[in-house]
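The values are calculated or read from the model by the stated rules, or taken from the named source; none is laboratory data. What you are looking at is a predicted structure, and each value in this text was computed from that prediction instead of being measured. Backbone-built Cβ (ideal geometry, glycine too); neighbour counts: all protein chains shown.
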Amino acid sequence: MASEAPATARGSGVRRLAGALHRRPRLRLALLLTGPLLWLVVLYLGSLAVLFASAFWTTDSFTSQVVKVWSTDNFHALVTTPVFREVIVRSVGVALAVTALCALIAFPVAFYTARVAPPRRRPLLVVAILTPLWASYLVKVYAWRLILSQGGLADWLLAPFGLSGPGFGLPATVLTLTYLWLPYMILPIHTALEQLPAQLLDASADLGARAGRTFRSVVLPMVLPSVAAGSVFTFSLSLGDYITVQIVGGKTQLIGNLVYSDIELNLPMAAALGTVPVVVIVLYLLAIRRTGALDSL
Amino acid sequence: MHLGRSARIALRIGAGLGFAVIYVPLLLVLANSLNPDRSASWPPPGLTGRWWSAAVHDSGARHALWTSVKAGLGATAVALVLGTLIAFAVARYRFFGRDTVSFVVVLPIALPGIVTGIALNSAFSTVLQPLGVGLGLFTVIVGHATFCIVVVFNNVVARLRRTTGSYEEAAMDLGASTFRAFVDVTFPLVRSALLAGALLSFALSFDEIVVTTFTAGPGIETLPIWIFGNMTRPRQAPVVNVVAAVLVLLSVVPIYLAQRLSADTATSSRV
């Protein structure tokens, strides 16, 4: 009995607390949100805000010390320096090329897995698309380094045709990024094609459309939002990448490389450069949102 | 849509090529770990298990693996707590700024890693260094947890939206307290979503390199950082090959677990 008394006392304490919480939904909500919001808003958004504020500071060119004086010099340099302009255009170009290539390769694969393959085998095929997503990012880039290196698989495959592989450079970067983000494009297209009602296709055929016409007038318009959804991943992941370029890009430079090389000596400039992919991605998202694709994410 | 015979064959070939492109690089990594030659030339002159035994005894790789596991577990633990709390708030309450909260959760993974990386790096060095705390494993965990919250949140919030609050209400009508209802009713409902979120979160952390580069202290080397550092060293190439092959083989484990957990987890993407 003596040992039970404190236990019941504690039990009723817990019950009182539970009752108090139950009567105060606002308090419960505050308890739920305080910790996570401290983490995300103070730590994360706070760091981001300071970083972007520092884009308006400058660096003393002799001491590499940050000078906290408000100026738009960095953004002015961003627009006027030819190297920066060239790299920004190249990075956006790479992201667009990767997106286009992904869509081009993903479509036949998704069409096969969603509508042509025997229904029994389809879940397995989806797993087959997903599996590479779990393989390490770095290992996949490394695989392409192996393929594209001198005397590697690409050279060996192309040798009978009297050709050699592309080697390391811009094409290798586009190729590797396409490989990395391809599943993010296949999956949404697969889902959209799978959900396409068969009656619509039958109706189109009944009205006299051949396969090509049905594809253009029925399938494509209905799948396009999913392509847009997939492109959010392929575009933004390509735009922020700088590791792949370092491994297979040879001397190619993208925005990420410029940010990386400026961090030590000129943090304000690195911060200003870092705003570029963020702004481009936000603009891209706003453009995509108009297609309604973000709702299906 | 009635596809002609030739269209079907063309699609089959196209899909076959697509899958080949997806899997050949991974198989190449596996094959190359058995390549006796130190260069990556193809075809390999023979097969050897020598590098596998060399890799097992490589202290750098083993140490990096252990660091990655610790970082992954730490980040997952933090993400599970924070992600679940936000999921409950967003799914079960209506409040001002609810949409903003779900947006802020996604932001760390939507922005390029290098932006998150340098933002956290400069915040850590201005706030922590005056306190005498340098960058270390702790800061890596903080960085990883920040972008892992979203995967736990997504999984739990999806589950909560599919289950109404009426089960909890029924439990409370039968006399259960708030805590009792959570333990006996709510938790079993979200358990598999939590496991799926934890799995994704650990995988995300285990694979991360960019944020890690900017938040790791000196001497803290996760497995991706180790691979990146040793990739271009010819002497270390065979061991890197083996580590890469092991990671390819290990990627089957989460797929298997996700399949076991539930069908809908496997078809939702990693993000």
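Structural remarks
- Pairs with Cβ under 8 Å, 6+ apart, first in the range B:88-108 and under 17 Å from B:V152 (Cα atoms), second modelled with pLDDT under 85 and part of a loop (DSSP other than H, G, I, E, B): B:R92/B:G165
- Residue within the range B:137-159 that is over 27 Å from A:V42 (Cα atoms) and not acidic (D, E) present: yes
- Residue that is surrounded by the fewest Cβ atoms within 10 Å (Cβ to Cβ) [pool: residues in the range B:25-56 that are in contact with a helix residue (DSSP H, G or I) (Cβ under 7 Å, 6 or more places away or on another chain) and aliphatic (A, V, I, L, M)]: B:A54
- Residue satisfying condition, being surrounded by fewer than 22 Cβ atoms within 10 Å (Cβ to Cβ) and either closer than 22 Å to B:L247 by Cβ or not β-branched (V, I, T) (or both), within set A:T191, A:T131: A:T131
- Residue within the range A:75-83 that is crowded, with 20+ Cβ neighbours inside 10 Å and in contact (Cβ under 8 Å) with a residue 12 or more places away in the chain present: no
- When B:G217 is tested against (1) surrounded by fewer than 23 Cβ atoms within 10 Å (Cβ to Cβ); (2) in contact with an Asp or Glu (Cβ under 6 Å, 6 or more places away or on another chain), exactly one condition is not met: (2).
- Checking every residue in the range A:148-159 against the condition of being under 30 Å from A:F52 (Cβ atoms), of a type in the set (A, V, I, L, M, F, W, C) and in contact with a helix residue (DSSP H, G or I) (Cβ under 6 Å, 6 or more places away or on another chain) gives zero matches.
- Only one of the numbered conditions (1) at the interface with chain A (Cβ under 10 Å from one of its Cβ atoms); (2) without any contact (Cβ under 8 Å) to a residue 12 or more places away in the chain; (3) among the small types (G, A, S); (4) not in a helix (DSSP H, G or I) is not met by B:A40, and that is (2).
- Test: residue in the range A:149-163 that is outside any loop (DSSP other than H, G, I, E, B), over 20 Å from B:N241 (Cα atoms) and either at the interface with another protein chain (Cβ under 7 Å from one of its Cβ atoms) or not aliphatic (A, V, I, L, M) (or both): yes
- Some residue of the range B:15-37 being over 28 Å from the mean Cα position of the chain (by Cα) and more than 12 Å from chain A (Cβ to nearest Cβ): yes
- Residue within the range B:169-187 that is among the small types (G, A, S), out of contact with any strand residue (DSSP E or B) (no Cβ under 9 Å at 6 or more places or on another chain) and touching a residue at least 24 places away in the same chain (Cβ under 8 Å) present: no
- In the range B:97-140, residue farthest from the other protein chains (Cβ to nearest Cβ) [restricted to those that are of a type in the set (S, T, N, Q) and farther than 28 Å from A:A30 by Cβ]: B:Q129
- Selected residue (only one of A:L265, A:L254 is out of contact with any Cys (no Cβ under 7 Å at 6 or more places or on another chain), more than 16 Å from A:T291 (Cα to Cα) and modelled with pLDDT of 90 or more): A:L254
- Boolean, B:V185 is touching a Lys or Arg at 6+ places or on another chain (Cβ under 6 Å), β-branched (V, I, T) and assigned to a helix (DSSP H, G or I): no
- Screening the candidates A:L21, A:L17, A:L51 for the property of being of a type outside the set (F, W, Y), in a helix (DSSP H, G or I) and at pLDDT 85 or above yields one hit, A:L51.
- Which numbered condition A:G256 misses (of (1) within 27 Å of A:R122 (Cα to Cα); (2) among the small types (G, A, S); (3) within 19 Å of the chain's Cα centre (by Cα)): (1)
- Any hit, the range A:43-56, residues being more than 14 Å from every other protein chain (Cβ to nearest Cβ) and in contact with a helix residue (DSSP H, G or I) (Cβ under 8 Å, 6 or more places away or on another chain): yes
- Exactly one residue out of A:A229, A:A287, A:A272 is farther than 22 Å from A:F107 by Cβ, assigned to a helix (DSSP H, G or I) and more than 10 Å from every other protein chain (Cβ to nearest Cβ): that is A:A272.
- Among the conditions (1) assigned to a helix (DSSP H, G or I); (2) over 21 Å from the mean Cα position of the chain (by Cα), A:I281 misses just one, which is (2).
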